[in-house]
Amino acid sequence: MNKRSVKDLDVEGKRVLVRVDFNVPLDESGKITDDTRIKAAIPTINYLIERGAKVILVSHLGRPKGKVVEKLRLNPVAQRLSELLNRKVIKTDDCIGEEPEKAVSRMKNRNVLLLENVRFHPGETKNDPEFAKALAKLADLYVNDAFGAAHRAHASTVGVAEILPSAAGFLLEKEITTMGKVIQNPEKPFTVVLGGAKVKDKIGVIENLLEKADNLLIGGGMAFTFLKALGYEVGKSLLEEDKIDMARGFLEKGKKLNTNIVLPRDVVVADRISADAEHKTVDVSQIPNALMGVDIGEKTVEEFVKYINQSKTVLWNGPMGVFEIQAFANGTKQVAEAIARSNATTIIGGGDSAAAVEKLGIADQMTHVSTGGGASLMFLEGKELPAIKALDDKE
Ligand code: ADP
Ligand code: MG
């Protein structure tokens, strides 16, 4: 990585503003239902505490759209963080202005302070220079550890990085190095498993990886546009009429590049997307007019698993079916478990795929599960993420 690391900074006695991604899911009563994102930031926070910094954390939560939304205050996050760190976490009711400035001025080395939801101010998402200045005023140094927000050019991700000396935290570094290696220099054979709802969302990923991959396995809703391009009738399945030509183009390009593009041979079809829908498995040449494809079939699973088992690197993005419904989750489950069992370097990118792997309890069997949905997609597209670009380069 050519960016400065938190390890390159002299942080003792310094006020260090750390952008973290504490955008955790909350239930109706405001309780945190999954603290993975808080846990993911702990190594950087602990490192800064050990080195005697004053640690000032800044994050967004939800989409308050530039206004104070009581339900989106970070108090439950401060509470959970305090438990995880086993130390007091100071929490302010705003993220800029007199109140946080005072609280920061009272901080001692090794104190941890969490600022209020940064998206309560409209200047955050607009990357307003005045707002960025007000944030930067609180600190001497800036560390970004919020990979999940790195695809956004906001004040707390880009604006502040342009004002203060800056560096990447451990989580951000891990995301960049593991995913960077896979897309730049993957150990071969390299298999990309793509799924999810739409071709439209994955065009950039296909364009970037078609040449690098040996095998591209396509499942999920997006497979039907590819099947249609090959002349199959897909019934009521998800179909993007305006992407059929593009899918055909990808299939032709795959042939030229010697990349195997593997499509489903059989699919689970249902009359609707519902837990009590009638469903059965059919050959892709036999999809009934009135039914829709909701998962890959057993034969397809078998073939996908065969490719996964032959690979040294596997990258997976996008579920193989409507995995939120138990009856249509089999393909996603089997493919995820095959990836977990494999000895290959295995990378999971994408919000829903990461959630599926977490739900199956096999996340720790993967080389890396990206913490960023949109950010990991942008990374896999081979694009430079604005928040990473904004960080200082290594000297
Ligand atoms: P990720 O977040 O991992 O990048 P996506 O957001 O692209 O994945 O896709 C996830 C969504 O795709 C899920 O909500 C899932 O229900 C949907 N999906 C998968 N297969 C199908 C299908 N055959 N028909 C309709 N939706 C599908
Ligand atoms: Mg998604």
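Computed from the C-beta positions of ASN289 and LEU257 and an R0 of 30 Å, the FRET efficiency is 0.30 to the nearest 0.05. Charge dipole of the stretch 46-155 (Cα centre as origin; +1 on each Lys and Arg Cβ, -1 on each Asp and Glu Cβ, all else neutral): 220 debye, rounded to the nearest 20. The Cβ shell under 11 Å around ARG272 holds other residues with a net charge of -2, Lys and Arg each +1, Asp and Glu each -1. With the simple spin-label model, which puts each label point 7 Å out from Cα in the Cβ direction, the ASP27 to THR281 separation comes to 3.6 nm. Principal-axis analysis of the Cα atoms of the chain puts helix 36-50 at an angle of about 40° to the longest axis. A cut-off under 14 angstrom between Cβ atoms defines the neighbours of THR346, and their net charge, with Lys, Arg +1 and Asp, Glu -1, is 0. Within a straight-line Cα-Cα reach of under 15 Å, LYS7 can be paired with the following aspartates and glutamates, leaving aside sequence neighbours fewer than 8 residues apart in one chain: GLU50, ASP145, GLU173, ASP392, ASP393, GLU395.
Charged side chains reduced to their Cβ positions (Lys and Arg at +1, Asp and Glu at -1) give the stretch 178-380 a dipole of some 560 debye around its Cα centre.
Within the stretch 180-304, how many Lys pairs sit with Cα atoms under 18 Å apart, leaving out pairs fewer than 8 places apart on the same chain? For the stretch 180-304, the number of qualifying lysine pairs is 22. For the stretch 272-286, putting each phi into the Karplus relation 6.51 cos²θ - 1.76 cosθ + 1.60 with θ = phi - 60° gives couplings of 6, 8, 7, 4, 9, 5, 6, 8, 7, 9, 9, 5, 5, 7, 10 Hz, in residue order, rounded to whole numbers and with x for Gly and Pro.
Per-residue Karplus couplings for the stretch 379-385, computed as 6.51 cos²θ - 1.76 cosθ + 1.60 with θ equal to phi - 60°, are listed in order as 5, 5, 6, x, 8, 7, 7 Hz, Gly and Pro entered as x. A 1.4 Å probe run over the protein chains yields, for the chain, 44 Å² of accessible area per residue, whole-number rounding.
Amide hydrogen proximity for ILE261: with H placed 1.01 Å from N in the peptide plane, the residues at 5 or more positions away or on another chain lying under 5 Å are LEU216.
Summing charges over neighbours of ILE203, with a neighbour being any other residue whose Cβ is under 13 Å away from its Cβ, gives 0 when K and R count +1 and D and E count -1.
Counting lysine pairs in the stretch 88-168 whose alpha carbons fall under 16 angstrom apart, excluding pairs fewer than 8 residues apart on the same chain, gives 4. Within the accessible surface of the chain, defined with a 1.4 Å probe on protein heavy atoms only, the carbon and sulfur portion equals 46 percent. Per-peptide packing, taken as the mean over residues of other Cβ atoms within 10 Å, places 351-357, 154-160, 179-185 in the sequence 154-160, 351-357, 179-185 from highest down. Taking 0.36 nm per residue of sequence separation and removing the Cα-Cα distance, the ASP271/GLU130 pair yields an extension gain of 45.3 nm. Antiparallel DSSP bridges in the chain: what percent, to the nearest 5? Just about 25 percent of them are antiparallel.
Remark on LYS91: its backbone amide H falls under 5 Å from those of LEU114, a criterion applied only to residues 5 or more positions apart or on other chains, H modelled at 1.01 Å from N.
The values are calculated or read from the model by the stated rules, or taken from the named source; none is laboratory data. Everything numeric here is computed off the predicted structure, so don't read it as measured data. Neighbour counts run over all protein chains shown; Cβ positions are idealised from the backbone, glycine included. Heads up: the accessible areas ignore ligands, DNA and RNA and are worked out on the full protein's heavy atoms, side chains in. Shrake-Rupley method; radii C 1.70, N 1.55, O 1.52, S 1.80 Å.
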